[in-house]
Amino acid sequence: MNITFCCTNTDPEPWLAGLRAALPQAEVAVWQPGATPADYAVVWQPPQQFFDEQTQLKGIFNIGAGVDALLSLRLPPQAVVVRLEDAGMAVQMAEYVCQAVIRHFRDLEAYAADVRAGHWTYYEPRQRSDFAVGVMGLGVLGARVAQALAHFEFPVNGWSRTPKLLDGVRGFNGAAQLDAFLASSRVLVNLLPLTPDTTNILNRERLSRLQPGGYVINVARGAHLVDEDLLALLDSGHLAGATLDVFRTEPLPPAHPFWRHPNITITPHTSARTLRETSIAQIAGKLAALERGELVAGMVDVGLGY
Ligand code: NDP
Ligand code: OXD
């Protein structure tokens, strides 16, 4: 069996060593233009030329959870597309989102600024019951985040395409319940996949439906958010702030207003990193199962886009 590796911005050597150790029967090599056709591919944002040449793939393993970049390419139609499921990302996402919610809820940014200025000040505690957090997307990552927030006793709403039952989470589903979900939430966490249905979903009309003093946390994809609509709602005072980990263009261009906005915290697409060892173990297990003719979890529905 041959595995070809084509991952942009990734040092290939530790991946090759890990894949060879986990799958000793496989030939594993970095893809070069003109390479002989392989059986499986391990990819992150490969060029179209890769799939134009690798036409005989049985399976494509994406070393991330989101497959939007991959599905924008023409893929060999017979190949199954398998994404990472959790692989250590869910706990990282829960950490990141909880710290963003808590930092805002507890005014920790303002306290840090006061302390830097030598001031010993107090702010009026916020009411937890007024601080409902809405999580868009209740998949592998969103469900973990929603449950972590529920442990801190925030009221938690969740929105998904199909109905979901999660302890401590008030469930909403489908386009018909989106407005009610937004109107019930003050903080909005986005963990949707980027698909034709969800592109630009965080626009002025939707964000205006959040409760006054709303706060936006986008950890999914930059193209979910209409940047200028967020800025306008921050300027109008309807929204209090945002924490953004993902952007339409990454790295975020130096002139972009998000860099300097006083109420926006940005991080460089780092809320949940791919962990190499865990990911290799997951990929190797699924690849072996596919070879035995079994179905595996995490197979992408190309029609739905996630
Ligand atoms: P999943 O596929 O497990 O979950 C997706 C969720 O979104 C599901 O609950 C699904 O509903 C819901 N959904 C999809 N389409 C719609 C729709 N049209 N309307 C309402 N709900 C919808 O994905 P993951 O949780 O694994 O990952 C989510 C995203 O997080 C990734 O696609 C990626 O973009 C982003 N990500 C970001 C990272 C970062 O570092 N910033 C790291 C990893 C991922 P249903 O349950 O009904 O199918
Ligand atoms: C992912 C990501 O989708 O890192 O895994 O954004």
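So, counting K/R as plus one and D/E as minus one, what does the shell of residues with Cβ under 11 Å around Ala26 add up to? Computed value for this residue: -2.
The listed peptides 251-264, 5-18, ordered by packing as a protection proxy, come out as 5-18, 251-264 (highest mean of other Cβ atoms within 10 Å first). Each residue of the stretch 6-95 gets 110 Å³ once the volume of the Cα convex hull is shared out per residue. For the chain, adding -39500 (n - 2.57) for each run of n ≥ 4 DSSP H residues and dividing by the number of residues yields -9000 deg cm²/dmol at 222 nm.
I need the shape label for the stretch 133-223. Rule: rounded when a/c is under 1.5, else prolate if a/b > b/c, else oblate, with a, b, c from the alpha carbon gyration tensor. The shape class here is rounded.
Over the stretch 164-287, all Cα pairs binned in 10 Å intervals from 0 give whole-percent P(r) values of 12, 38, 31, 15, 4, 0, listed from short to long. Placing a label point 7 Å from the Cα of Glu85 along the Cα-to-Cβ direction, the residues of the stretch 136-177 whose backbone N falls under 16 Å of that point are 138-144.
If I stretch the segment between Asp197 and Leu304 completely, what's the gain in nm (0.36 nm per residue apart, minus their alpha carbon distance), one decimal?
Values: separation 107, 0.36 × 107 = 38.52 nm, distance 0.90 nm.
Contour length minus Cα-Cα distance gives 37.6 nm.
Please compute the Cα-Cα pair-distance distribution of the chain with 20 Å bins starting at 0, giving whole percents from short to long. For the chain, the pair-distance distribution reads 31, 52, 16, 1.
Evaluating 6.51 cos²θ - 1.76 cosθ + 1.60 at θ = phi - 60° for every residue in the stretch 194-200, the Karplus couplings come out as 7, 9, x, 6, 10, 4, 6 Hz, glycine and proline recorded as x.
Give, in nm to one decimal, the length gained when the segment between Ser236 and Tyr122 is fully stretched (0.36 nm per residue of separation minus the Cα-Cα distance). Intermediate results must be reported in sequence, preceding the final value.
Details: separation 114, 0.36 × 114 = 41.04 nm, distance 2.61 nm.
Value of the extension gain: 38.4 nm.
Other residues within the sphere of radius under 14 Å centred on the Cβ of Lys164, judged by their own Cβ, net out at +2 (K and R +1, D and E -1). If R0 equals 41 Å, the separation of the Cβ atoms of Gln32 and Glu228 corresponds to a calculated FRET efficiency of about 0.45. Amide H contacts under 5 Å for Val80: Gly59, Ile60, restricted to partners 5 or more places along the chain or on a different chain, H placed in the peptide plane at 1.01 Å from N. Can you pull the Rg over Rh of the stretch 24-71, Cα-only, Kirkwood? Computed over Cα atoms, the ratio is 0.94.
Just want the ordering: Tyr306, Tyr111, from fewest to most Cβ atoms lying within 10 Å of their own Cβ. Each step should come with its number before you reach the end.
On the way: Tyr306 20, Tyr111 16.
Ranked by crowding around the Cβ, least crowded first: Tyr111, Tyr306.
A cut-off of 5 Å between modelled amide H atoms, ignoring neighbours fewer than 5 places along the same chain, links Asn173 with Ser160.
A short reminder: the numbers here are calculations on the coordinates, not readings from a lab. Owing to the predicted nature of the structure, the values given are computational and were not obtained by experimental measurement. Every residue, glycine as well, gets a Cβ built from its backbone with ideal geometry; the counts of neighbours run over all protein chains shown.
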